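Enquirer: My questions will all concern the structure given below.
The values are calculated or read from the model by the stated rules, or taken from the named source; none is laboratory data. Here the structure is a predicted model, which is why all the values come from computation and not from measurement. Here the Cβ is made from the backbone with ideal geometry for all residues, glycine too, and neighbour counts use every protein chain on show.
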Amino acid sequence: MTTLDRPPAGGAAPGVLSDEATFRAEYGARMRQALCAPNTPRAYKSDRTHFETWCEKREITALPAGEQTLIGYLLYWGDSAATRHSDDELLSPVTLARRISGLKAWHAATSQPWPQYRSGEDNLLDYTLDYIARAQKATPGRARALSLQKLDAAARALPATPLGRRNKAICSPGSTAHSAAPNSSALTLPT
């Protein structure tokens, strides 16, 4: 018998429905848990703790989180123009989207309301995440990755000195020099 075949604690036997709302809540919770990757609960707990700490410092109620609170949280951690404490680093849009997923799951697990949007209404959480993604792309100082063509051209332009050959071995696309053992004798330098 799997955990999904077992009746909920104090509930009816499988296949026998109690009231529909109770069944949906209990069955939904068990399905979410069964479908989670092993690290998901740990990540969600981290998301919740991060949000609760942020709320505590501002004396804001964390649960249930209102739309304005969630937007403030996103902007604090994602907008480079926001005033942050010196030790608080900017978080990437991907990290913030995952944190919002964790907070949404926390609200669902505790049967708390989550901001809902009707057809035609603006989804301000999604807009805020989109804004942060666009603003962070436009932030000066964020280096972009080199294309393979530019990396190859840079490697070919290096001098034929021992240091240049070492750097060429490291920079050449397809090079395995970056994964070689720390022992420098393991490197074979091109001539």
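Okay, residues lined up against (1) over 12 Å from residue 125 (Cβ atoms); (2) part of a helix (DSSP H, G or I):
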site: 64; (1), (2): yes, no
site: 68; (1), (2): no, yes
site: 74; (1), (2): no, yes
site: 77; (1), (2): yes, yes
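Enquirer: Determine whether the range 89-96 contains at least one residue that is surrounded by fewer than 13 Cβ atoms within 10 Å (Cβ to Cβ), free of Cβ contacts under 8 Å to residues at least 24 places away in the same chain, not in a helix (DSSP H, G or I) and not assigned by TED's automatic domain parsing to the domain that holds residue 165. Please lay out each step first, then the result.
Expert: Of the residues in the range 89-96, the ones surrounded by fewer than 13 Cβ atoms within 10 Å (Cβ to Cβ) are 89, 94.
Checking which are free of Cβ contacts under 8 Å to residues at least 24 places away in the same chain leaves us with 89, 94.
With not in a helix (DSSP H, G or I) added as a condition, the list becomes 89.
Restricting the remaining residues to those that are not assigned by TED's automatic domain parsing to the domain that holds residue 165 gives 89.
Checked the range 89-96: at least one residue is surrounded by fewer than 13 Cβ atoms within 10 Å (Cβ to Cβ), free of Cβ contacts under 8 Å to residues at least 24 places away in the same chain, not in a helix (DSSP H, G or I) and not assigned by TED's automatic domain parsing to the domain that holds residue 165.
Enquirer: On to the next question. With the structure loaded, tell me whether residue 45 is modelled with pLDDT of 85 or more and surrounded by fewer than 12 Cβ atoms within 10 Å (Cβ to Cβ) or whether it fails that test.
Expert: Values: modelled with pLDDT of 85 or more: yes; surrounded by fewer than 12 Cβ atoms within 10 Å (Cβ to Cβ): no.
The answer is no for residue 45.
Enquirer: Take the range 133-191 and flag every residue that is under 29 Å from residue 93 (Cβ atoms), modelled with pLDDT of 75 or more and exposed (fewer than 10 other Cβ atoms within 10 Å of the Cβ).
Expert: 149
Enquirer: While we're on this one: Can you tell me which residues in the range 46-63 are more than 16 Å from residue 77 (Cα to Cα) and in contact (Cβ under 8 Å) with a residue 40 or more places away in the chain?
Expert: Hit for the range 46-63 is 63, nothing else.
Enquirer: Among the candidates 72, 120, which residue alone is within 27 Å of residue 137 (Cα to Cα), without any contact (Cβ under 8 Å) to a residue 60 or more places away in the chain and not hydroxyl-bearing (Ser, Thr, Tyr)?
Expert: Values: 120 fails: within 27 Å of residue 137 (Cα to Cα).
Just a single option satisfies the conditions, and that option is 72.
Enquirer: Filter the range 29-39 down to the residues that are of a type outside the set (Lys, Arg) and modelled with pLDDT of 80 or more, then identify the one that is farthest from residue 76 (Cα to Cα). Steps first, answer last, please.
Expert: Initial filter on the range 29-39 (of a type outside the set (Lys, Arg)): 29, 31, 33-39.
Narrowing the set further to residues that are modelled with pLDDT of 80 or more leaves 31, 39.
Numbers: 31: 34, 39: 26 Å.
Going through the qualifying residues, I end up with 31.
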